[in-house]
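Input: a single structure, listed below in structure tokens.
The values are calculated or read from the model by the stated rules, or taken from the named source; none is laboratory data. Keep in mind the model is a prediction, meaning the values are calculated, not measured. No Cβ is skipped: glycine too gets one built from the backbone with ideal geometry, and neighbour counts run over all protein chains shown.
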Protein chains: 2
Amino acid sequence: MDGNAIAILGGTGDQGLGLALRFTRAGRPVVIGSRKLERAEEAARKVRQAVPEAEVEGLANEQAATRASTVFLSVPFEHFAATLKSIREKLVAGQVVVSMGVPLATAVGDAAVRTVGIWQGSCAELVAALVPPGVEVVSAFQNVSAHRLQDLAGEVECDVVVSGAKPARRRVMQLCDLVPGLRGIDGGPLANARIVEQMTALLIGLNARYGVPEGLGIRFTGLPPS
Amino acid sequence: MDGNAIAILGGTGDQGLGLALRFTRAGRPVVIGSRKLERAEEAARKVRQAVPEAEVEGLANEQAATRASTVFLSVPFEHFAATLKSIREKLVAGQVVVSMGVPLATAVGDAAVRTVGIWQGSCAELVAALVPPGVEVVSAFQNVSAHRLQDLAGEVECDVVVSGAKPARRRVMQLCDLVPGLRGIDGGPLANARIVEQMTALLIGLNARYGVPEGLGIRFTGLPPS
């Protein structure tokens, strides 16, 4: 397992691919996971095309999850639990799983401007209930526009609220610095994902009302200089 | 009833007083409401002290609610329903009630970094369930720092997500322009208050973690120029 590497399960989707582009551009090895190996390999090719120096590989989710100390879950909410169940036997203590999930009501055929309730409180807490002991779960990156991530020429003007146990949270906050414009914000305990995940639905509505398909971001004002 | 006036029920509290200062400073007549007449009068005196040109009056909530076309509810969540029940007979069609409420868990003796669930979905929707027909409810101003509102020398660097039926929503968005630094954001239907109200608890946690008692604000990035 490569401590420097980042696995992105669902890395074939818009947001996962965007992160893969940004992280490889920043010099980090990336493993893209997908349910289907061919789709993962195809996404890895796309990354290499855009970032010639990219150290990137496409693998089935189960294999991808074993390759990196930090594993991003970037699949649609309706596939979250199933994806996690398919890889959890492979996870080992010390790994950090980053939940990017948002319980959009599209999961039940309703609109993306609304959400569904999750028994555990949030998508991130659902993940926390499913990982083996010693695996830390961190909530982050829900509100970052996929479009802006993929546009390597531009900055992603957005704060990323990072929630979870402290050492793992710090590790993920540092990953935010790899993407120009992103800023990791100390979001406290994992349960705050309940709030952060909802904000994505609000942003999706704002994108539509203001006609910004590229996606809005958020910033916190009044923070002390870091 | 003065179409230009703004009533602020609970205007003796930190945030209500801050709005009273800002709105009178901007030249709008303000009526401060409180359960106790003397406390309302005292708050009006404070406003006149800070803003000598202020057109401001202190009244009991029931009277204050009849004086303005726009009525802010700025009481702690645990007093929301009771306050509304005490004034609803006085409300008439065409008035706009602005819900600033946040269901902080302090209402049940827990911490302000967490919230309690509301059957109707949000504090604003609870209000909507209690007002007479023809009275519009708008959700706004939950995330604006009381401290920064009261500091008349400074700008309040914060976006205000305004949710509710369209004409009333527009009216409240325009009120945001009265406060230097505030920007009204079209937050869509009232039910989005479910998300916006939660964000206050997140901000309260961030204020503590980052040591910013003056209070952080939020900004949306990527909005088209207005």
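Listing for the model above:
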quantity: Filtered residues of the stretch B:1-41 (kept if farther than 18 Å from B:Ser86 by Cβ, over 15 Å from the mean Cα position of the chain (by Cα) and of a type in the set (A, V, I, L, M, F, W, C)); calculated: B:Met1, B:Ala26
quantity: Test: residue in the stretch B:165-173 that is away from every other protein chain (no Cβ under 13 Å), touching a strand residue (DSSP E or B) at 6+ places or on another chain (Cβ under 6 Å) and under 25 Å from A:Pro213 (Cα atoms); calculated: yes
quantity: Residue satisfying condition, being surrounded by fewer than 19 Cβ atoms within 10 Å (Cβ to Cβ), touching a helix residue (DSSP H, G or I) at 6+ places or on another chain (Cβ under 6 Å) and among the charged types (D, E, K, R), within set B:Glu53, B:Glu62, B:Glu42, B:Glu89; calculated: B:Glu62
quantity: Residues being surrounded by 19 or more Cβ atoms within 10 Å (Cβ to Cβ), over 14 Å from the mean Cα position of the chain (by Cα) and not hydrophobic (A, V, I, L, M, F, W, C) - total across the stretch B:67-77; calculated: 1
quantity: Boolean, B:Ala50 is small (Gly, Ala, Ser) and touching an Asp or Glu at 6+ places or on another chain (Cβ under 9 Å); calculated: no
quantity: Complete set of residues in the stretch A:1-20 that are hydrophobic (A, V, I, L, M, F, W, C) and farther than 15 Å from A:Ala64 by Cα; calculated: A:Leu19
quantity: Subset of the stretch B:1-27 that is in a helix (DSSP H, G or I) and among the small types (Gly, Ala, Ser) - its residue that is surrounded by the most Cβ atoms within 10 Å (Cβ to Cβ); calculated: B:Ala20
quantity: Positions within the stretch A:84-106 being out of contact with any Pro (no Cβ under 9 Å at 6 or more places or on another chain) and part of a helix (DSSP H, G or I), in sequence order; calculated: A:Leu84, A:Lys85, A:Ser86, A:Ile87, A:Lys90, A:Ala105
quantity: Segments classed as helices (runs of 4 or more DSSP H), wholly inside the stretch A:114-226, with at least 2 members that are in contact with a helix residue (DSSP H, G or I) (Cβ under 9 Å, 6 or more places away or on another chain) and closer than 20 Å to B:Asn207 by Cβ; calculated: A:193-210
quantity: Residue list for the stretch B:117-146, restricted to those being within 24 Å of A:Phe220 (Cβ to Cβ) and over 14 Å from the mean Cα position of the chain (by Cα); calculated: B:Ser122
quantity: Test set (1) of a type outside the set (Asp, Glu); (2) buried (at least 22 other Cβ atoms within 10 Å of the Cβ); (3) at pLDDT 95 or above - B:Phe80 fails condition number; calculated: (3)
quantity: Positions within the stretch A:18-34 being out of contact with any strand residue (DSSP E or B) (no Cβ under 8 Å at 6 or more places or on another chain) and hydrophobic (A, V, I, L, M, F, W, C), in sequence order; calculated: A:Leu21, A:Ala26
quantity: Residues that are away from every other protein chain (no Cβ under 11 Å) and either surrounded by fewer than 17 Cβ atoms within 10 Å (Cβ to Cβ) or of a type in the set (D, E, K, R) (or both), drawn from the stretch B:147-164; calculated: B:Asp151, B:Leu152, B:Ala153
quantity: Within the stretch B:190-221, tally of residues that are at the interface with chain A (Cβ under 7 Å from one of its Cβ atoms), in contact with a strand residue (DSSP E or B) (Cβ under 8 Å, 6 or more places away or on another chain) and of a type outside the set (Val, Ile, Thr); calculated: 12
quantity: A:Leu130 away from every other protein chain (no Cβ under 11 Å), buried (at least 17 other Cβ atoms within 10 Å of the Cβ), modelled with pLDDT of 95 or more and under 16 Å from A:Val71 (Cα atoms); calculated: yes
quantity: Residue selected from the stretch A:179-192 under the condition farther than 14 Å from A:Glu125 by Cα and more than 14 Å from the chain's Cα centre (by Cα), by the criterion surrounded by the most Cβ atoms within 10 Å (Cβ to Cβ); calculated: A:Gly187
quantity: Unmet requirement for B:Thr115, which otherwise passes all of (1) out of contact with any strand residue (DSSP E or B) (no Cβ under 7 Å at 6 or more places or on another chain); (2) more than 24 Å from B:Met1 (Cβ to Cβ); calculated: (1)
quantity: Residue list for the stretch B:28-69, filter: in a loop (DSSP other than H, G, I, E, B), in contact (Cβ under 8 Å) with a residue 24 or more places away in the chain, farther than 15 Å from B:Leu149 by Cβ and not hydrophobic (A, V, I, L, M, F, W, C); calculated: B:Pro29, B:Arg35, B:Lys36, B:Glu53, B:Glu55, B:Thr66, B:Arg67
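Every residue, every condition in (1) in contact with a Gly (Cβ under 8 Å, 6 or more places away or on another chain); (2) under 26 Å from B:Glu214 (Cβ atoms); (3) touching a residue at least 24 places away in the same chain (Cβ under 8 Å), yes or no:
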| site | (1), (2), (3) |
| --- | --- |
| B:Ile118 | no, no, no |
| B:Glu125 | no, no, yes |
| B:Ala140 | yes, yes, yes |
| B:Asn143 | yes, yes, yes |
| B:Ala146 | yes, yes, yes |
| B:Leu149 | yes, yes, yes |
| B:Cys176 | yes, yes, yes |
